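So the structure is just underneath, and the comments pick up after that.
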Amino acid sequence: MGCKITGCGKALPDLTVTNDDLSRVVDTSDEWIVERTGIRERHIAVAETSTDLASRAGAQALERANVSAGDVDLLICMTITPDTVVPSQASMVKARLGLANAVAFDLNAACAGCVYGMEVAANMMEASALAHRDGDAPLRISQGNDMRTALVIGVDRLSRITDWTDRSTCVLFGDGAGAVVLEWDEAAPGILSGFLQNTDDPTLALACAQLRDLGTFPFGDATLDSPGAIMAASLDEVPEELDQGIHPFITMQGQKIFKWASKAMADAVRVVCERAGVPIDEVSLIVPHQANERIISFSAKKLKVPMERIQVSIGTVGNTSASSVLMALADAYEAGRVHEGDNVVLVGFGGGLTLGAILFVA
Ligand code: ACO
């Protein structure tokens, strides 16, 4: 309670890649992609960094919230494709936007990132508010970090880790950034409930082994396996490329993810509604992770919620991973689909497997 969403933003790279463009490089067609996924085109960052996209989305959210850079206490960036590992993506954005007083760090929860980031921010803000309310309550957060205003940004350039020769994955993904400003307001209902859950993924239905040992250790042979081999060790059947110890791209067992995600999305929505004491019929809009239009409509059917009450943005952007839910939320606000007092549910799911939802009053 009290954690209010006051501004949203999004940023897309300039280059648009249509299904027809893709059909010139892999054996696919516009018809197949639209029918199976709902995706018609996506934006690919050839000229923009993650820092560029995240900063643009963040600046737009701050402007719409009428918050100045110096007033941001907390910046969380959710990403699996930061420009640099150190400094963190959040540190790069903090410097670019001049958020002089913000504590900044990254969080990786794959495509559920936005929801995880918002939950972490909201909990830090609530702890800070409680500490102040209770005077010298023994809450460590009160000792120096007053968290009244947070900027939460999801950014991914999945094109960096996409195998452009694999038609089963390359048609799905796009690049972009989404952002939201959270402000503490005791009088506002704000975020009423949240839910986070991780389910093990023992067959690595969704994976990407990016990191490698780059240097040569001078005091003997390296004893650790490569990331590819570590991944392969947990699989019953080892794909050839993992057996060789290298696979830097996203790999996915599509049908397995599809089955899990359709049920998980519906489950998460039900949980946040129950926790908030809000019947699903009183939710004005559900804003889900945009992985596949069919996952969204299967879940909607399970929830018995008509598609008019669900935000679907995937057609022009594809699956943009950690940025997807916040980009879709920005679309919903821009289209005038969110009104003051509305109950809105955000729901994300992704690699890990990660699942999360938030119910807030607009
Ligand atoms: N174009 C044409 N044919 C294709 C393509 C393509 N782009 N990709 C696969 N096919 C073929 C397959 O080779 C297969 O051919 P075969 O029958 O001759 O073997 C056929 O189409 C069917 O393949 P399936 O994998 O069974 O297709 P499915 O109906 O499951 O659709 C899809 C694939 C779209 C990937 C679906 O499984 C899906 O959306 N899964 C969930 C994906 C997802 O949401 N991932 C991300 C979630 S988390 C995150 O966001 C990171």
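Quick note: the coordinates plus some simple rules give every number you see, no bench work behind them. All figures in this text were calculated on a predicted structure; none of them were measured in a lab. In this analysis, Cβ positions are derived from the backbone assuming ideal geometry, glycine residues included, and neighbour counts consider all displayed protein chains.
How big is the range 1-158 by the Kirkwood estimate over distinct Cα pairs, in Å?
Computed over Cα pairs of the range 1-158, the Kirkwood hydrodynamic radius comes out at 17.3 Å.
Of Ser284, Ile80, Val155, which is farthest along the charge dipole of the chain in the positive direction, counting Lys and Arg as +1 and Asp and Glu as -1 at C-beta?
It is Ser284.
In vacuo Debye scattering of the chain, one point per C-alpha: log10 I(q)/I(0) at q = 0.07, 0.12, 0.13 Å⁻¹?
So the normalised log intensities work out to -0.30, -0.87, -1.01.
Taking the Cα atoms of the range 252-362, report the difference between the largest and smallest coordinate on each principal axis, in whole Å and largest first.
40, 29, 23
Which trypsin sites (Lys or Arg not before Pro) from the range 256-362 combine a DSSP loop assignment with at most 11 other Cβ atoms within 10 Å?
Hits after loop and neighbour filter: Lys304.
Do the sum for the chain: with -39,500 (n - 2.57) for every DSSP H run of n ≥ 4, divided by all residues, what is the mean residue ellipticity at 222 nm, to the nearest 500 deg cm²/dmol?
Estimated from H runs of four or more residues: -10000 deg cm²/dmol.
Got the relative contact order for the chain handy, in percent, Cα pairs under 8 Å and 6 or more residues apart?
Over the chain, the number comes to 25 percent.
Lysines within cross-link reach of Lys10: Cα-Cα under 26 Å, excluding same-chain residues under 8 positions apart?
Partners within reach: Lys94.
Straight-line reach from Lys302: which lysines have Cα under 25 Å away, leaving out those fewer than 8 places along the same chain?
Lys256, Lys259, Lys263
About its Cα centre, how strong a charge dipole does the chain have in debye, to the nearest 20, once Lys and Arg get +1 and Asp and Glu get -1 at the Cβ?
600
Roughly what % antiparallel, to the nearest 5, for the DSSP beta bridges in the chain?
In the chain, DSSP labels about 70 percent of beta bridges as antiparallel.
Using Cα springs under 10 Å in a Gaussian network model of the chain, which residue among Ser68, Ser321, Ser55 shows the largest mean-square fluctuation?
Evaluated over the chain, the most mobile residue of the options is Ser68.
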